[in-house]
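The values are calculated or read from the model by the stated rules, or taken from the named source; none is laboratory data. Everything quoted here is computed from the prediction, not taken from an experiment. When we count neighbours, we look across all protein chains shown, and the Cβ atoms used for this are built from the backbone with ideal geometry, even at glycine.
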Amino acid sequence: MEEETLDPIDWNQMKDLGCQMVEDMMKYLESVRERSVWQPIPKTVKDFFKKPLPEDPEGLNKTYQDFLENILPYPLGNIHPRFWGWVIGTGTPLGMLAEMLAAGMNPNLAGGDHIAFYVESQVIDWFKEIMGFPSTASGLLVSGGSMANLVGLTVARNSKAGFDIRKHGLQAASQKMTIYGSEETHSSNQKAIELLGLGSDAFRKIPVNEEFQIDIESLKAHISEDQENDYHPICIIGNAGTINTGAFDDLNSLANICEQEDMWFHVDGAFGAWAILSPKLKSLVSGINRADSLAFDLHKWMYMPYEVGCTLVKKEEEHRQAFSLTPDYLTHTLRGIGGGEKWFSDYGVQLSRGFRALKVWMGIKEHGIRKYGRLIQQNVEQAQYLVKLVQSSSELELLAPVPLNIVCFRFLADGLDDSSLNDLNKELLLRLHESGIAAPSYTMIGDKYALRVAITNHRSRREDFDILVKTVLKFGKELVGGKYGYE
Ligand SMILES: Cc1ncc(COP(=O)(O)O)c(C=O)c1O
């Protein structure tokens, strides 16, 4: 019987299709501004994805045709210059190609002595340098900010528990451990605390001041109270750029408290950490280098394609101790493929890991790190431009200070209370999305529903914010006038 393979019979046909894909995708990216940000997916297309499992080959061309017709036209929208929802980055053309190269080489970054390891190590060294961490610190590329926080908080818990938590588990704790962060802290930290078995009650959500920064006096009072009540405060989470408003906690004050109280200092800098690249914004992250662990993303404000984030840990040994486990079949050898300086699987949850580092390495080499700093500064200036547009209209209200790249505002209408304005603005946002003109997201600022514009987009131009404001005013007035049947 003839043996089979998944390689093509006709390599030229595969090569031609590959060239066609590159051609199509370059055109798709080049012309993105001419299309809608988003469009609803027709039922026929949704039904297409309910077809039965293909048992027999459909072939190369049909498969690609299905992609062109049923997948490519219905994206999330984040590659578009007027997408500013949640905190979602844009990606780049070279990033797309780097993903192809990485998949072509298809290494497994668990460990071993192969070149991808050295690429990831170099990228991590660059990050240590940028964030002011010592060269002896360790790091790991992960899927994103959520995983980066989980890795950092795991090291925090294990290092500060005071007993061998990997062996004995939480059952052995004589005191309940507590972790502190502002009420604006991203939900991924709470998820991590829950996954670590501490329970969400162990996460003390501290109030914020009017700048949405953690209230330091309240934090100190909570820690003292917990100590008096026989809890064990182990960690403070500092925010470098909160999800709602882009606020920065006073990281130096948090680091001081951690030093005084022998607590771990974890910083969630998912996107805000990158303010460090802009000479004008750098002071916002002052103290970030004092973190014991730092989480940040590359797929947000470094504009790299999904997925990639990073955790840095100041003391490598504590990082390794939290995750390393080497059964016989994973023993590191002194020579050969199983060798290498270290194995990344000793520093995180994953054993098998992809070559995420390549798109990061290529992206930074292509443009140089200074350009990223300029783009970040550009996004922050665009946020200030939008603030001015909002403030110059009596029908719009700015709902929170804008220290960084996130603008929260709403449409106002005479005689409507907050609850009615919330309904109106919710509807307005849905209209905006459905129009395909622009895509902010939403949040609550206190009791007020906000249209939330988070700018981590290297394709946005000032004119895009003019279009946004014009459209918000148009839709708002139409809604108030009952044109859409809204009363
Ligand atoms: C401050 C902050 N932390 C963590 C996360 C989670 O990151 P990811 O979506 O990459 O898992 C986000 C996501 O927006 C965030 O803004």
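Counting only helices (runs of 4 or more DSSP H) that sit completely within the stretch 102-180, those holding 2 or more residues that are under 22 Å from GLY354 (Cα atoms) correspond to 115-131, 145-160.
Looking only at the stretch 34-45, count how many residues are assigned to a helix (DSSP H, G or I) and surrounded by 14 or more Cβ atoms within 10 Å (Cβ to Cβ).
1
Listed residues ARG410, ARG431, ARG461; which is touching a residue at least 24 places away in the same chain (Cβ under 8 Å) and closer than 19 Å to GLY246 by Cα? Write out each step before concluding.
Details: ARG431 fails: closer than 19 Å to GLY246 by Cα; ARG461 fails: closer than 19 Å to GLY246 by Cα.
Among ARG410, ARG431, ARG461, only ARG410 is touching a residue at least 24 places away in the same chain (Cβ under 8 Å) and closer than 19 Å to GLY246 by Cα.
Per the listing ALA357, ALA275, the residue uniquely under 26 Å from ASN457 (Cβ atoms), within 16 Å of the ligand (Cβ to nearest atom) and among the hydrophobic types (A, V, I, L, M, F, W, C) is ALA275. Among residues of the stretch 277-304 that are free of Cβ contacts under 8 Å to residues at least 24 places away in the same chain and within 21 Å of LEU94 (Cβ to Cβ), none has a Cβ under 9 angstrom from a residue that is surrounded by fewer than 20 Cβ atoms within 10 Å (Cβ to Cβ) and of a type in the set (A, V, I, L, M, F, W, C) at a sequence gap of 6+ or on a separate chain. Residues of the stretch 128-179 that are closer than 14 Å to ILE193 by Cβ, in contact with a strand residue (DSSP E or B) (Cβ under 6 Å, 6 or more places away or on another chain) and more than 16 Å from the ligand (Cβ to nearest atom): VAL155, LYS160, MET177, THR178. With respect to the numbered conditions (1) over 23 Å from ILE257 (Cα atoms); (2) surrounded by fewer than 22 Cβ atoms within 10 Å (Cβ to Cβ), which one is the sole condition not fulfilled by LEU141? Going through (1) over 23 Å from ILE257 (Cα atoms); (2) surrounded by fewer than 22 Cβ atoms within 10 Å (Cβ to Cβ) one by one, LEU141 breaks only (2). Candidates in the stretch 81-106 are the residues that are farther than 20 Å from MET21 by Cα and more than 16 Å from the ligand (Cβ to nearest atom); of these, the one that is surrounded by the most Cβ atoms within 10 Å (Cβ to Cβ) is ARG82.
Strands (runs of 3 or more DSSP E) fully within the stretch 389-475 that include at least 2 residues being under 22 Å from GLY89 (Cβ atoms): 406-411, 439-445, 448-454.
When we screen SER182, SER187 for residues that are farther than 20 Å from GLY348 by Cα, within 16 Å of the ligand (Cβ to nearest atom), surrounded by fewer than 22 Cβ atoms within 10 Å (Cβ to Cβ) and among the hydroxyl-bearing types (Ser, Thr, Tyr), the only hit is SER187. Could you list, in sequence order, the residues of the stretch 462-482 that are over 32 Å from the mean Cα position of the chain (by Cα) and either surrounded by 17 or more Cβ atoms within 10 Å (Cβ to Cβ) or more than 17 Å from LEU412 (Cα to Cα) (or both)? Of everything in the stretch 462-482, those that are over 32 Å from the mean Cα position of the chain (by Cα) and either surrounded by 17 or more Cβ atoms within 10 Å (Cβ to Cβ) or more than 17 Å from LEU412 (Cα to Cα) (or both) turn out to be LEU479, VAL480. Any chance the stretch 362-382 includes a residue that's closer than 22 Å to LYS426 by Cα and of a type in the set (Gly, Ala, Ser)? No.
Being outside the structural domain of THR185 (by TED's automatic domain parsing), closer than 27 Å to VAL285 by Cβ, surrounded by fewer than 21 Cβ atoms within 10 Å (Cβ to Cβ) and not β-branched (Val, Ile, Thr): is that true of ARG459 here? So ARG459 passes the test. Taking the stretch 297-340 as the range and being touching a Phe, Trp or Tyr at 6+ places or on another chain (Cβ under 7 Å) and aromatic (Phe, Trp, Tyr) as the test, the residues that pass are TRP301, PHE323.
Listed conditions (1) under 19 Å from TYR118 (Cβ atoms); (2) more than 16 Å from the ligand (Cβ to nearest atom); (3) surrounded by 20 or more Cβ atoms within 10 Å (Cβ to Cβ) are all met by LYS365, apart from (3).
When residues in the stretch 47-78 are screened for being exposed (fewer than 12 other Cβ atoms within 10 Å of the Cβ) and more than 21 Å from GLY18 (Cβ to Cβ), 9 of them pass.
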